Amino acid sequence: MGKLNGPGDLPHISLGLDRVTHNLVSVQKDRIAAIALGGNLLSTLGFPEQNIIRAMRDVQERIGGIVAVSRLYRTPAFPPGSGPDFVNAALLLDTGLSAPALLSELHAIERDHGRERKERWRARTLDLDLLWLDDTILPDTPTLESWMLLPAERQRTESPDRLILPHPRLQDRAFVLIPLAEIAPFWCHPLTGQTVAEMAAALPEADKAAICPL
């Protein structure tokens with residue numbers, strides 16, 4: 001289809017992705033990756049909504065294999081008061097790349113959109129987070145568990161020096177889980193056993209209510 005359909009429509013911005021759909025898809029294929037997209041600053045390419053759509057197009061052109069995208073959502077900046085509201089979305093990608101290679105490609109697309117990684121949780125033009133790659137755990141279960149249990153006050157200042165999969169904050173963030181629940185509600189976390197739908201349902205009601213479709 002040529003455009004996103006539904007509340008997330010953006011006039012005159014075409015994805016050009018023939019295989020993209022809002023319908024639920026199976027995540028039982030080999031090497032399905034989930035990517036979270038977000039941004040809250042203007043770039044040379046346009047407004048945050050335009051940046052997200054263009055980033056989806058870049059992923060398709062440079063990596064390929066997009067099989068599903070969520071709607072776009074308006075979400076409060078995290079942490080609260082740290083900047084303008086974000087635009088967030090999620091997509092599923094059928095890929096033959098390794099997790100490190102996929103992450104490298106995503107970081108290259110971020111840089112093309114003016115992203116600078118100088119400070120955690122700052123306002124940004126584009127954020128592309130690799131959330132999972134099938135049921136892969138990286139680098140190992142104890143390391144993943146330790147980062148998932150990291151106290152909130154330490155999350156502000158500490159970041160891992162290696163790729164952690166699934167993303168250790170996946171289960172905590174409404175702006176990630178609400179879009180994901182549209183396209184991969186039955187994906188099961190390899191450590192906790194919870195599905196995306198279950199993780200989303202467990203979020204505080206106030207957090208979920210703050211996530212609004214565009």
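The values are calculated or read from the model by the stated rules, or taken from the named source; none is laboratory data. Predicted model only: the values in this text are computed from it and were never measured. These area figures cover heavy atoms from the full protein model, side chains too; ligands, DNA and RNA do not enter into them. Shrake-Rupley method; radii C 1.70, N 1.55, O 1.52, S 1.80 Å.
Write down the accessible area per residue of region 44-148 in Å², having rolled a 1.4 Å probe over the full set of protein chains.
42 Å²
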Starting from 0.36 nm per residue, how many nanometres of slack lie between THR195 and LEU45 once their C-alpha separation is accounted for? 50.5 nm
Considering only protein heavy atoms and a 1.4 Å probe, what is the carbon-and-sulfur percentage of the accessible area of region 147-214? 57 percent
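What does the extension gain come out to for ALA209 and ALA108, with contour length at 0.36 nm per residue minus their alpha carbon separation?
Taking 0.36 nm per residue and subtracting the Cα distance, the gain is 33.1 nm.
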